[in-house]
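A.B. asks: Before I ask anything, let me first share the structure, which is written out below as structure tokens.
Coordinate-derived values only; no laboratory data. Since this is a predicted model, take the numbers as computed values, not measurements. Don't worry about glycine lacking a Cβ; one is built from the backbone with ideal geometry, like all the others, and counts go over all protein chains shown.
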Protein chains: 2
Amino acid sequence: MRVEIWSDIACPWCYVGKARFEKALRDFPYRDEVEVVHRSFELDPGRAKDDVQPVIAMLTKKYGMSAAQAEAGEDNLGAQAAAEGLDYRTRGRDHGSTFDMHRLLHFAKEQGRQEQLLDLLYRANFAEERSLFDGDERLVELAVAAGLEAAAVRAVLADAEAYADDVRADEREAAQLGASGVPFFVLDRTYGVSGAQPAEVFAQALSQAYGERPPLEIVDGGEGADACGPDGCAVPQH
Amino acid sequence: MRVEIWSDIACPWCYVGKARFEKALRDFPYRDEVEVVHRSFELDPGRAKDDVQPVIAMLTKKYGMSAAQAEAGEDNLGAQAAAEGLDYRTRGRDHGSTFDMHRLLHFAKEQGRQEQLLDLLYRANFAEERSLFDGDERLVELAVAAGLEAAAVRAVLADAEAYADDVRADEREAAQLGASGVPFFVLDRTYGVSGAQPAEVFAQALSQAYGERPPLEIVDGGEGADACGPDGCAVPQH
């Protein structure tokens, strides 16, 4: 079974939802048959690379909240994160473009290091004092810690189009699948879970997707299959 | 869209079918949204690692063919391969266990080198004079040519259990999906194509899977989703 998770590094519920999903996955009896793939989604796709501002300031400006409301929201999110055993810095976090991070996550996927990099990006954004949006070298350090080669990472960052189409394709696909927010979980392209649901909901979705797989619809050309099986290979008749 | 292809390196129709599928994929307008994953399937899972014999001898012994029948089958397969632009050595090819190759393909997948390694394994088995079943160093050379590190490859080969569960899980899944022979293509876990069908059949399956995706069935806990979207992040109410 494959679980695809659309998320943004700048999304607190994605950080929390990942932990809740992983809790369900740890207890899922067929966890070894589950492959997890992370997909790109930007909450703020129009933001310029050099446009970084404190989260609280962004919230008050973009959504018209008072500073007290914005801070209460962060406190609430921090409590939800803490309940999952996650560190969460409720003050002083920055907001900025995550496009380059998503490009790097696609590169990391090719190198088998996507999960490691995403965890480090979340941690850097939500739990560490130093801003995640502190220039390319900040990302290089995190990527190297995730097991990627510094020179290769710098090359990806320097070429603004590297993996950019992969990010955009993920975002198009999210829209096609009906995701308007994140995190958004898709199981075998059949079941969807929207948001950081409790672990029990993820457990239910995993069981349902695993147990109720409909049979495949076979597409063929009306002829027998040229295939090899336990009784040998078909010999071509055409 | 994701296409999973179950195949065996020892399967001539898998070698031919891969080329036919790729022809269809090249002409598919949404090819950039298609991800291909190769899955393990052994035609001869009980074969010991050191039990290598010429294909013609295996065919006469295992399936009771005459040598002339076995050779005619190879000639036919060679003609089908040639029609796809593939080299095919119709005489002198060996048959042996492919378990270690499948283990390596899973390692290569983690490293983003699965496709490269599979192509080199097919080529070595069906087109090159030197036997593919010529010991571990033969596999190390091919894996290095696919971009993997020699020491890491040797470590995988030396540990008979490394990635062995991944191979077995793929094989269990093939059975669950109803595949009794290979190649077996599965599109988004919804459509199946059995055998080395003509490129037109793959083109039809790709279009069908792409165009007719049913909407996701949403699994939730009956509550609103804790998610972030263009209008900000939900504030926890519970």
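A.B. asks: For chain A, what are the DSSP H helices with axial Cα length of 15 Å or more and mean Kyte-Doolittle hydropathy of at least -1.0?
C.D. replies: Helix filter hits for chain A: A:12-27, A:67-83, A:99-110, A:114-126, A:199-211.
A.B. asks: On average, how many beta carbons from a partner chain sit within 10 Å of the beta carbon of a residue in B:186-196?
C.D. replies: 6
A.B. asks: While we're on this one: Give me the Å³ per residue figure for the convex hull around the C-alpha atoms of the range A:21-108.
C.D. replies: It is 125 Å³ per residue.
A.B. asks: Relative contact order (percent) for chain B, with alpha-carbon contacts under 8 angstrom and 6 or more residues of separation?
C.D. replies: 28 percent
A.B. asks: Near the amide H of residue A:35, under 5 Å away, which other amide H atoms are found, from residues 5 or more places off or on another chain, if H is placed in the peptide plane?
C.D. replies: Residues meeting the criterion, in which the H sits 1.01 Å from N, are A:2, A:3.
A.B. asks: A follow-up question, please. Going down the list A:23/B:109; B:18/B:109; A:61/A:109; A:23/A:61; A:18/B:109, which pairs span over 27 Å between their C-alpha atoms?
C.D. replies: A:61/A:109; A:23/A:61
A.B. asks: What Cys residues in chain B have no fellow cysteine's beta-carbon under 4.7 angstrom?
C.D. replies: Isolated Cys, chain B: none found.
A.B. asks: I would also like to ask the following. Based on DSSP H runs of at least 4 residues, each adding -39500 (n - 2.57), what is the mean residue ellipticity at 222 nm of chain B after dividing by all its residues, to the nearest 500 deg cm²/dmol?
C.D. replies: -14500 deg cm²/dmol
A.B. asks: Any idea what diffusion coefficient the range B:2-211 gets from Stokes-Einstein, in µm²/s, Kirkwood Rh on alpha carbon pairs, 10 °C, 1.306 mPa s?
C.D. replies: 90 µm²/s
A.B. asks: Calculate the dipole size of the protein assembly as shown relative to its Cα centre from +1 charges on Lys and Arg beta carbons and -1 charges on Asp and Glu beta carbons; express the result in debye to the nearest 20.
C.D. replies: Dipole size: approximately 60 debye.
A.B. asks: Here's something else I'd like to know. Students often forget the sequence filter, so: which lysines lie under 18 Å Cα-Cα from residue A:62 once same-chain residues fewer than 8 apart are removed?
C.D. replies: Within reach: A:49.
A.B. asks: Additional query: Quick check: residue separation of residue A:168 and residue A:231 times 0.36 nm, minus the Cα distance between them. What number comes out in nm?
C.D. replies: The span from residue A:168 to residue A:231 would gain 18.1 nm if fully extended.
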